[in-house]
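The values are calculated or read from the model by the stated rules, or taken from the named source; none is laboratory data. These numbers were taken from a predicted model, which means no experiment stands behind them. Here the Cβ is made from the backbone with ideal geometry for all residues, glycine too, and neighbour counts use every protein chain on show.
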Amino acid sequence: MVKEEKSMKYEPLFLDYELSPYTGLTRDSWIDAGKYLLKGIFENLNSIEDPVVVPRKETKITYPHLNAAKDIQDAERRAEIFEGLTRSFFIASVLINDDPKLTIAGINLRDYYKKHILRCCTKGDPVYISNYEELQEITEYADPFRPFQQTVETCALVIGLWASKSVLWDSYSKEEKDLIAKLLSSFAKANTVPQNWRLFNMLDMAFLYNEGYEIDERIMYDHAQAILGYYVGQGWYRDGHSFDYYSCWAFNFYAPLWCRWYGYEHAPLIAAEFEKNSNELMKTYGRFFDREGYVNMWGRSCIYRNAATSSFDGNLFLNDSTVNCGWARRISSGALLQFIGRDDVLFKGIPELGFYGQFSPLVQGYSCAESPFWLGKAFLCLHLDKDHPFWSEKENEGDWEKLGSEVMTTTLNGPALCFSNHGANGETILRSGKVVKASGDEHGMWNYSKLSFNTKYPWESTPIDRESGEKYSELESQQYVLTDICSGKKQKANVTFWHGEKNGVLYRRQYFDYNLNDESFWIQGINLADIALPYGILRCDRHKLFRRPVKFTLGSYGFPDNGTEISELRSKGAKAVIFKGYDHMGREKQMAMTVWDGYKDLKIIKSKGSNPDSLNSILAYGEITLNNQYDASEPYCLISQVITRESHEPFSEEDIFPISEIRYEDRYKSGAYGRVMIVLKSGKEYTVDFSLIESELLI
C-alpha cells in the first residue's frame, strides 16, 4: 500500500533529445509514464479482486455523495467502480496491447481488466454496475428518460476493448462476449444527454455493430445528425450552452473514431463532415497551447488536464489527417509534463481533484475520485506503432518557430474564442465570449467568465484574506466586480456577449447579475476592448448605463506567493505594481499590473487557499468609485494592463508603461462617447470604437 500523502514528480527513464529536442520524450517515455500512473492505482489495491476505487481526499462535492439517499448512493457507488475501471483502462488497454504480460504491483494487467470487465457485467457480482433498466428501478425515478454516468463509461470501455482487441476482447468466450454486449446495448440504445453524450451511444453501437451484434441504425443516424448540428465552425462544437475542451476531448476525438469504426462505410456524408471539421480544428488548435505545450485552465472538468491533447490523436483516425505530427507530439509531451512533472499532482499515487494539487473551487459534483483518469485519453496515442509519424517525426514548435518576440492572435467567431501566442514570454492567453451563467454561479464564472485565461497563471477563485480567513468578495482575478454603494450588494459578470476583433482590438460586452426575471437585467454592463501586446493584454473598457453609485475593482492574475518581491512605479499619472517570485516548483515568475485613466488607486491583497498553483498568492487590483451617476465628466473608460514573464529579468519601462498618449473624442475627455485613440511608445496606434458594438453581439 502507498503510505505517503504526496508522490514525487515523474522522472522520465527514456529521453531522446535528438528526436525530441524540446521535451526529450519518446514513445518509450510515454509507455513508462503510463506505467507510473497505473502503479499509483495498483499499489492501492490489496489483491486482484479489488475494484479500482482509489483514496479519496475530497468528500463534500464529488460523488458518491455522502448525504444522498441510500438508493442514490448505491447507484453512485456502482458508477464509481465502473468509472475507475474504464478510465484507467484508457491507459492500460494500450499498454497491455504492447505487452500482454505487463505486471504492476504483482498484478497482471491483462488478467485484471479481463476479470473486472466481466464482473461489472455479471448480475449478482458485488461490483456489478447494473444495466440501464435496473438503475431506473434502483433509484426509483419516475422519469423514464433519466441518463446515468454508466453511459459515459461504456464508451471508455469499448475504446479500451478496441485498443486491446487481440489480447483481451478476442480472449473472451462467445458467452462472455454476449454478456458484455448485452450490458453495452442496454446503455447504447437508452436515453442520453443531448450534447457530447450522444457520441458515447454512437461509439457503443459502432463497436457492437462491428462485433456482429444488432443495433438500431435509426438511433445511430439521429445521434450523428444531432452532433453535426452543434458545430459552429472552425473545428469547434457547442456543448450544451458552452464552449470548452469538450469540443476537443469529446467531439474531436470520438467523432473521428466513429468515422473509422462506422461512418466511412455506413454514413459517408456525415463522416466527411466530421473529417472536415477535425481538419479545420487542426489549422489553429496547436496555437491553443503555449510554447511549452501547456494546457490553459479554462472551462469545466479541468481535472481532466492534458486530455485536451487527445484531439490530435483523434485527427489521426481519419482517412485524410492533416495534423502536424511533430508539433502535436511536442504539445502532447509538454502537456503531460506540465502535470506529472510536478510533485503536487498525486495524492497516494492518484491524480488529485484539481488542476495541479487538490483545488476544490474547480471541482464538479458529477466527478468522483477516479474521474481524473479521463486524462488517460491522452495515452491512446500509444495505439500508434513506433514507426508512425506521430512518434518518428522530429519534434517541432509549429507556428511558434517564426514568431520571435511578436504576438500572433487567432480569432474564431464561431466559438467566440480569441487566443494570442506571445513570443516574448512563450505564454498563450485565451479570451472568450458567448458565456451565459446563472447569476451567483461563481464556479461557472471562474471557469468561463474571466477576462482572460493564461497558460502560466491558472485562474484564481475569490481571494481569501490570509489574516481573517474571510472571502474578499469585492474582488476577483481577471474579472470586474461591481459593488452597489447604496445596498452593498456585490455583482459579477455572469454573461459575456461577443462582438469580435477589428483592427487589432477585441470587443465584447459583459453584464453584471444578468437575470431575465429582473427587468433591469440590462442596466449594469461594461463594454470590453482589449489589445494583445508582447507580454500581455492592454485593456480599454467602458462602463455603461450605471444609474446608481458604484465601486469597481479589477484584479490581475493570481500570482503564486512563495517569497515575493513587490515594488511600485509611477509615470505621468500611471501607476504599476510589480511582483517577482516563484511558483510551487520554484520556477521564476514575474507580473506587473499598470493602471491609467479611470482608476483612483492600485492596491494588492494577499490570499490563502484561492490559487491552484500555490497555497499563498497575491493579487494586484485597480479600484474606482463612481458617485454621481449623472455626471458625464466622471471617468467612463478604464485603462489597464497586466503583463507577465517566466523570469526575473526586469521589464523595461516601455513594457510597464507602453502608452505615450491617450486621446478622447468626447468634450469631457472622460471616454463617455466617441473613439479613444491609444498611441504606444513603439509607434503603434489603436483606435477603440464602441459605436457599433450593439449592432452585432453574439451569445
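Before moving on, here are some points about what is shown:
- Per the listing Val481, Val505, Val495, Val550, the residue uniquely within 23 Å of Tyr636 (Cβ to Cβ) and modelled with pLDDT under 95 is Val550.
- Filter result for the condition that a residue is under 18 Å from the mean Cα position of the chain (by Cα) and in contact (Cβ under 8 Å) with a residue 12 or more places away in the chain, over Leu316, Leu337: Leu337
- Residue identified as of a type in the set (S, T, N, Q), closer than 19 Å to Ser617 by Cα and in contact with a Leu (Cβ under 6 Å, 6 or more places away or on another chain) among Ser452, Ser477, Ser473, Ser461: Ser477
- Pair list, Cβ under 6 Å, 6 or more apart: the range 142-162 residue assigned by TED's automatic domain parsing to the domain that holds Lys189, other residue hydroxyl-bearing (Ser, Thr, Tyr) and not in a helix (DSSP H, G or I): Pro147/Thr192; Thr151/Thr192
- Count of the range 612-651 residues which are of a type in the set (S, T, N, Q) and under 24 Å from Ala532 (Cβ atoms): 4
- Ser468 surrounded by fewer than 22 Cβ atoms within 10 Å (Cβ to Cβ) and under 23 Å from Asn627 (Cβ atoms): no
- Of the residues making up the range 649-697, just one is surrounded by fewer than 14 Cβ atoms within 10 Å (Cβ to Cβ), farther than 24 Å from Met593 by Cα and in contact (Cβ under 8 Å) with a residue 60 or more places away in the chain, namely Glu696.
- Near pairs, Cβ below 7 angstrom, 6+ apart or cross-chain, from the range 469-490 (over 12 Å from Gln524 (Cβ atoms)) to any residue that is small (Gly, Ala, Ser) and surrounded by fewer than 17 Cβ atoms within 10 Å (Cβ to Cβ): none
- Residues that are among the charged types (D, E, K, R), modelled with pLDDT under 95 and under 24 Å from Ile117 (Cα atoms), drawn from the range 35-67: Arg56
- Single match in Lys572, Lys600 (criterion: surrounded by fewer than 19 Cβ atoms within 10 Å (Cβ to Cβ), more than 23 Å from the chain's Cα centre (by Cα) and under 25 Å from Phe512 (Cβ atoms)): Lys600
- The range 307-322: number of residues that are touching a Ser or Thr at 6+ places or on another chain (Cβ under 9 Å) and outside any helix (DSSP H, G or I): 4
- All positions within the range 636-670 that are hydrophobic (A, V, I, L, M, F, W, C) and either outside any strand (DSSP E or B) or on the phi > 0 side of the Ramachandran plot (or both): Phe651, Ile656, Phe657
- Members of the range 264-306 found to be of a type in the set (A, V, I, L, M) and in a loop (DSSP other than H, G, I, E, B), listed by number: Ala267, Val295, Met297
Let's see how each residue does on (1) in contact with a Phe, Trp or Tyr (Cβ under 7 Å, 6 or more places away or on another chain); (2) farther than 25 Å from Pro389 by Cα; (3) of a type in the set (D, E, K, R):
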| residue | (1), (2), (3) |
| --- | --- |
| Leu15 | no, no, no |
| Ile41 | no, yes, no |
| Val54 | no, yes, no |
| Glu58 | no, yes, yes |
| Tyr113 | yes, yes, no |
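- On the stretch given as the range 172-200, residues that are among the polar types (S, T, N, Q) and under 21 Å from Thr122 (Cα atoms) total 3.
- Flag: Leu528 does not match the condition of being touching a residue at least 12 places away in the same chain (Cβ under 8 Å), assigned to a strand (DSSP E or B) and over 30 Å from His443 (Cβ atoms).
The rows are residues; the columns are (1) in the same structural domain as Glu43 (by TED's automatic domain parsing); (2) of a type in the set (A, V, I, L, M, F, W, C); (3) crowded, with 22+ Cβ neighbours inside 10 Å; (4) within 22 Å of Asn396 (Cα to Cα).
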| residue | (1), (2), (3), (4) |
| --- | --- |
| Phe289 | yes, yes, yes, yes |
| Ser321 | yes, no, no, yes |
| Arg330 | yes, no, yes, yes |
| Pro351 | yes, no, yes, no |
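- Hits in the range 48-62 - residues which are of a type outside the set (A, V, I, L, M, F, W, C) and buried (at least 22 other Cβ atoms within 10 Å of the Cβ): Thr62
- Residue in the range 64-76 that is crowded, with 22+ Cβ neighbours inside 10 Å and not β-branched (Val, Ile, Thr) present: yes
- Residue selected from the range 164-194 under the condition under 22 Å from Ile227 (Cβ atoms) and either touching a strand residue (DSSP E or B) at 6+ places or on another chain (Cβ under 7 Å) or of a type in the set (A, V, I, L, M, F, W, C) (or both), by the criterion surrounded by the fewest Cβ atoms within 10 Å (Cβ to Cβ): Val193
- Yes/no for Asn421 being in contact with a Lys or Arg (Cβ under 9 Å, 6 or more places away or on another chain) and modelled with pLDDT of 95 or more: yes
- Scanning the range 527-547 for residues that are of a type in the set (A, V, I, L, M) and at pLDDT 95 or above turns up Leu528, Ala529, Ile531, Ala532, Leu533, Ile537, Leu538.
Here is a yes/no grid of residues against (1) of a type outside the set (Phe, Trp, Tyr); (2) free of Cβ contacts under 8 Å to residues at least 24 places away in the same chain; (3) in a helix (DSSP H, G or I); (4) under 27 Å from Phe379 (Cα atoms):
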residue: Asp170; (1), (2), (3), (4): yes, yes, yes, yes
residue: Leu179; (1), (2), (3), (4): yes, no, yes, no
residue: Asn191; (1), (2), (3), (4): yes, no, no, no
residue: Asn196; (1), (2), (3), (4): yes, no, no, yes
residue: Met202; (1), (2), (3), (4): yes, no, yes, yes
residue: Tyr262; (1), (2), (3), (4): no, no, yes, yes
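- Where strands (runs of 3 or more DSSP E) fall entirely within the range 407-524, those with at least 2 residues that are farther than 19 Å from Val642 by Cα and not acidic (Asp, Glu) are at 407-412, 480-484, 490-502, 505-512.
- Some residue of the range 141-155 being surrounded by 18 or more Cβ atoms within 10 Å (Cβ to Cβ), more than 26 Å from Asn306 (Cα to Cα) and not aliphatic (A, V, I, L, M): yes
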